[in-house]
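Asker: Input: one structure, supplied below.
The values are calculated or read from the model by the stated rules, or taken from the named source; none is laboratory data. Note that this is a predicted model, so its numbers are computed, not measured. We place every Cβ from the backbone using ideal geometry, glycine too, and count neighbours over all the protein chains shown.
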Amino acid sequence: MKVYYKRAVEGVTVPAVIHNGSYFYIDMPVYEDGIVSCWKEVALADVPGVIQSGWLTSSVPEGKTLVVHGLTEFRLQNAVWDWAGDAFFEYIQSVVKSMNHKMEGIYAISAEKKELWEKRRVEWGATGTPFSVSGDYGYTRREGRSTHVFTAFAGVVRLENITAFADGTYALGSLGTVTEDELNARFAQNLIFTTPPLGAPIHMDALGVACASEIVWAVSAEEKRKEIFDYKNALNDKPTLHDAAVSAYHAYLEDPTDYHREKLRAAYEAVPEHERLYLGDMDSKDWDYQRILYSDEKRQV
């Protein structure tokens, strides 16, 4: 009889870049047992090889674009990066050591295990779940959900992550913990936004500073705000805007009347625009929603 168990391994995120065709900014989970999650699970000892391969990097070449998932893609200029050569791995190693001072129980993947997973075409991930510790007694984790935004405080533009919690509070590095009303006010004051100003230095935590010379695309601030405030529903196991659109879609397919079509229209257009492509699968995206709502094309069965 085969068995397995799960355990919580804590860590922190560090800013990093994945080079997979384009350059992608990520908050890279680094765990106390030495596991590093750079779109795949990597043991600490194997990180130098991943860096050498070019998959994981701490910089973006001048003139290339940087993609921040669900936020923007912009072309970089005048970048000053904090790490070069072996320094990035040494930084990651120091992060592990700050959590695991004696470096005990550091995870290692044997050659035999690597060969087995390659043979089976399996690639493990170690995506982290944001959390905070609540209460003065015990150790109760409050799970959250995070995304990226730009902020501007005291004249400094930053690329930061914002984390929503089930109680309707939000954690942001520049602000600390704020309420939904306070977050709305920051959006209204353009202190939280989605399009970086051209030519202004953008501080990317411990990764470096760069300026945007061109905006390739960017999510609107209003659509991003809708996404962030919808996290509370997911965290409280309530239907999200995505769930409501999918339900309305199925209701229309079962009873394709004008009534259900308009219900679907309202639900579909309530979903943040940049998230609508996730209403279907990787191939279909939201094309069938668009067919129903914005064309006279009949569905092929």
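Asker: For the list (1) within 16 Å of residue 74 (Cα to Cα); (2) surrounded by 15 or more Cβ atoms within 10 Å (Cβ to Cβ); (3) small (Gly, Ala, Ser), I need the number of the one condition that residue 199 fails.
Answerer: Result: residue 199 fails condition (2) only.
Asker: In region 109-130, how many residues are surrounded by 11 or more Cβ atoms within 10 Å (Cβ to Cβ) and either modelled with pLDDT of 95 or more or among the hydrophobic types (A, V, I, L, M, F, W, C) (or both)?
Answerer: So the answer is 5.
Asker: In region 242-281, how many are farther than 23 Å from residue 218 by Cβ, assigned to a loop (DSSP other than H, G, I, E, B) and within 25 Å of the chain's Cα centre (by Cα)?
Answerer: 2
Asker: Checking the structure you have, find out if any residue of region 143-161 is more than 26 Å from residue 212 (Cα to Cα) and assigned to a loop (DSSP other than H, G, I, E, B). Working first, answer last.
Answerer: In the first step, residues of region 143-161 are kept if they are more than 26 Å from residue 212 (Cα to Cα); the result is 143-145.
Filter once more, so that each one left must be assigned to a loop (DSSP other than H, G, I, E, B): none.
Within region 143-161, none of the residues are more than 26 Å from residue 212 (Cα to Cα) and assigned to a loop (DSSP other than H, G, I, E, B).
Asker: Can you tell me which residues in region 1-27 are over 18 Å from the mean Cα position of the chain (by Cα) and of a type in the set (Ser, Thr, Tyr)?
Answerer: Within region 1-27, 4, 5 meet the criteria.
Asker: From 194, 163, 169, which residue is surrounded by 18 or more Cβ atoms within 10 Å (Cβ to Cβ) and more than 16 Å from residue 235 (Cβ to Cβ)? If you could, list the steps in order and put the result at the bottom.
Answerer: Numbers: 163 fails: more than 16 Å from residue 235 (Cβ to Cβ); 169 fails: more than 16 Å from residue 235 (Cβ to Cβ).
The match here is 194.
Asker: If you don't mind, another one. Given the residues 45, 79, which is the only one that is touching a residue at least 40 places away in the same chain (Cβ under 8 Å), surrounded by fewer than 21 Cβ atoms within 10 Å (Cβ to Cβ) and part of a helix (DSSP H, G or I)?
Answerer: Numbers: 79 fails: part of a helix (DSSP H, G or I).
From the options 45, 79, the qualifying one is 45.
Asker: Separate question: Those residues that are over 25 Å from residue 16 (Cα atoms) and touching a residue at least 60 places away in the same chain (Cβ under 8 Å), I need them from region 142-193; list them, please.
Answerer: Listed by number, the residues that qualify are 166, 168.
Asker: So, in region 20-35, of the ones that are of a type in the set (Val, Ile, Thr) and touching a residue at least 60 places away in the same chain (Cβ under 8 Å), which residue ends up surrounded by the fewest Cβ atoms within 10 Å (Cβ to Cβ)?
Answerer: Start the filter on region 20-35 by keeping residues that are of a type in the set (Val, Ile, Thr), which leaves 26, 30, 35.
Narrowing the set further to residues that are touching a residue at least 60 places away in the same chain (Cβ under 8 Å) leaves 30, 35.
On the way: 30: 26, 35: 21.
Here the answer is 35.
Asker: Here is a further query. Of all residues in region 220-261 being of a type outside the set (A, V, I, L, M, F, W, C) and closer than 18 Å to residue 178 by Cα, which is surrounded by the most Cβ atoms within 10 Å (Cβ to Cβ)?
Answerer: Narrowing region 220-261 to residues of a type outside the set (A, V, I, L, M, F, W, C): 220, 222-227, 230-233, 236-240, 242-243, 247, 249-250, 252, 254-261.
Restricting the remaining residues to those that are closer than 18 Å to residue 178 by Cα gives 224-227, 230-233.
Working: 224: 26, 225: 21, 226: 17, 227: 22, 230: 23, 231: 21, 232: 19, 233: 17.
It comes out as 224.
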